[in-house]
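Worksheet for the structure shown next.
Laboratory data are not the source of any read-out in this text; all were calculated from the coordinates shown. What you see is a predicted model, and the numbers here were worked out from it, not measured in a lab. Note that each Cβ is placed from the backbone with ideal geometry, even for glycine, and that neighbours are counted across all protein chains shown.
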Amino acid sequence: MIHEIATITIDPARAADFEAAVAAARPHFEAATGFVSFGLQRSIETPERYHLVVGWESVEAHMVDFRASEGFQHWRTLASPFFAAPPSVEHVSTVI
């Protein structure tokens with residue numbers, strides 16, 4: 001299993017609406033092939049910064065299967081109006 005970590009910056013005045021949009025998008029992730037887990041974390045020191053952490057069976061499950069799905073389009077439609085800049089995305093694996 002790997003984790004996708006998307007760092008997302010928004011206008012903090014719109015935080016409640018952004019969080020509601022991510023909650024509405026969650027079922028699209030959960031329905032995806034290779035989905036494992038989902039979490040949204042907000043920075044305490046930098047409240048306009050969020051980390052969307054999604055567990056996937058593989059990088060391909062995220063980058064190929066999910067990105068080509070209708071669910072990904074729904075996610076972008078719901079969340080992208082809140083993005084102050086394009087999200088930064090990386091994949092990590094647990095080593096210890």
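Here is a list: A23, A61, A6, A32. Which entry is in a helix (DSSP H, G or I) and surrounded by 14 or more Cβ atoms within 10 Å (Cβ to Cβ)? Give the steps one after another, and end with the answer.
Details: A23 fails: surrounded by 14 or more Cβ atoms within 10 Å (Cβ to Cβ); A6 fails: in a helix (DSSP H, G or I); A32 fails: in a helix (DSSP H, G or I).
Exactly one of A23, A61, A6, A32 is in a helix (DSSP H, G or I) and surrounded by 14 or more Cβ atoms within 10 Å (Cβ to Cβ), namely A61.
Restrict the check to the stretch 41-50 and report whether at least one residue is part of a helix (DSSP H, G or I) and either within 24 Å of T94 (Cα to Cα) or in contact with an Asp or Glu (Cβ under 6 Å, 6 or more places away or on another chain) (or both). Within the stretch 41-50, not a single residue is part of a helix (DSSP H, G or I) and either within 24 Å of T94 (Cα to Cα) or in contact with an Asp or Glu (Cβ under 6 Å, 6 or more places away or on another chain) (or both).
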